[in-house]
1. What about R15, is it under 26 Å from the mean Cα position of the chain (by Cα), farther than 17 Å from H100 by Cα, surrounded by fewer than 16 Cβ atoms within 10 Å (Cβ to Cβ) and basic (K, R)?
2. Being under 23 Å from S62 (Cα atoms) and within 11 Å of the ligand (Cβ to nearest atom) narrows it down to one residue among E110, E102; which is it?
3. Tell me, yes or no, whether region 130-140 has at least one residue that is away from the ligand (no atom under 16 Å from the Cβ) and at pLDDT below 95.
4. Of everything in region 57-91, what is within 11 Å of the ligand (Cβ to nearest atom), surrounded by 15 or more Cβ atoms within 10 Å (Cβ to Cβ) and small (G, A, S)? Give them in sequence order.
5. What single numbered condition from (1) surrounded by fewer than 18 Cβ atoms within 10 Å (Cβ to Cβ); (2) at pLDDT below 95; (3) away from the ligand (no atom under 15 Å from the Cβ) fails to hold for Y167?
6. Can you tell me which residue among G175, G147, G185 is open to solvent by less than 30 Å² (accessible area, probe 1.4 Å), free of Cβ contacts under 8 Å to residues at least 40 places away in the same chain and more than 16 Å from the ligand (Cβ to nearest atom)?
7. Residue check, L72 against (1) touching a residue at least 60 places away in the same chain (Cβ under 8 Å); (2) within 30 Å of G48 (Cβ to Cβ), all met but one. Which one?
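The values are calculated or read from the model by the stated rules, or taken from the named source; none is laboratory data. In this text, all values refer to a predicted model and were calculated from it rather than measured experimentally. Cβ: placed from backbone, ideal geometry, glycine included. Neighbour counts: every protein chain shown. What goes into the accessible areas is simple: the full protein's heavy atoms, side chains included, and nothing from ligands, DNA or RNA. Shrake-Rupley method; radii C 1.70, N 1.55, O 1.52, S 1.80 Å.
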Amino acid sequence: MFAGPLDESIIKRARDTGLLDLKIHNLRDYAHDRHRTVDDRPFGGGPGMLLKPEPIFEAVESLAREGTRVILVSPAGRTFNQAIAAELAQVSDLLLVSGHYEGFDERVREELADDELSIGDYVLTNGALPIMVIIDAVARLLPGALGDDQSAHEESFSHGLLEYPQYTRPAEFRGMKVPEVLLSGNHAQIAKWRLEQARQRTRERRPDLL
Ligand code: 4H7
């Protein structure tokens, strides 16, 4: 799953230029038996399987260095956001751990993980997509990852409001007109309009951000 998305555009360039060093590790390489078993049934019964502690502990102990931040992804983690992305972009070594189809033995949480993150309140079949989401959000914040054009652009969340409406040519399309102020050339008026629009949109759609 990881090969495709992490080999595209901005992430690919960051990897190619050495800004970002990404390695994918397979938990099965740390299994003890010839079937390369990494999971087992939960004590006390119940549905589903859990990742056994031994392979994860040994994987993390073999891969982590001094200062590595070990992060589990699960629906029970604290919710990932732009502020957490910015914080993680300051950390030089991250180890993101995904149960493939399974949850974790609690001892992994207690002893091994520095943090546990969720990308939102929904359930996924496994942790690969959340890990890729976190990698993408963090990698684009590394100094030099974005072109000047993109990084200069003020975006949603960086100033705490949703983006204001934007338009490009033509000035009229199928009877729908671009707001007059944007064609006025009055940059003070344009800035004022954009701020009002951003505030109104945030109030309507995401009052929790205000
Ligand atoms: C850890 C524990 C993250 C990881 C349980 C992971 C959503 C998110 C997973 C599970 C994730 C998120 C196992 C619970 C499969 C659901 C069907 C992997 N789902 N799973 N069950 N929101 N799934 O970040």
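1. Considered against the rule, which asks whether it is under 26 Å from the mean Cα position of the chain (by Cα), farther than 17 Å from H100 by Cα, surrounded by fewer than 16 Cβ atoms within 10 Å (Cβ to Cβ) and basic (K, R), R15 comes out as yes.
2. Going through E110, E102 in turn, just one is under 23 Å from S62 (Cα atoms) and within 11 Å of the ligand (Cβ to nearest atom): E102.
3. No, because not a single residue in region 130-140 is away from the ligand (no atom under 16 Å from the Cβ) and at pLDDT below 95.
4. The answer is S74, G77.
5. That leaves (2) as the condition not met.
6. Testing whether each residue is open to solvent by less than 30 Å² (accessible area, probe 1.4 Å), free of Cβ contacts under 8 Å to residues at least 40 places away in the same chain and more than 16 Å from the ligand (Cβ to nearest atom) leaves just G147.
7. Of the numbered conditions (1) touching a residue at least 60 places away in the same chain (Cβ under 8 Å); (2) within 30 Å of G48 (Cβ to Cβ), the odd one out for L72 is (1).
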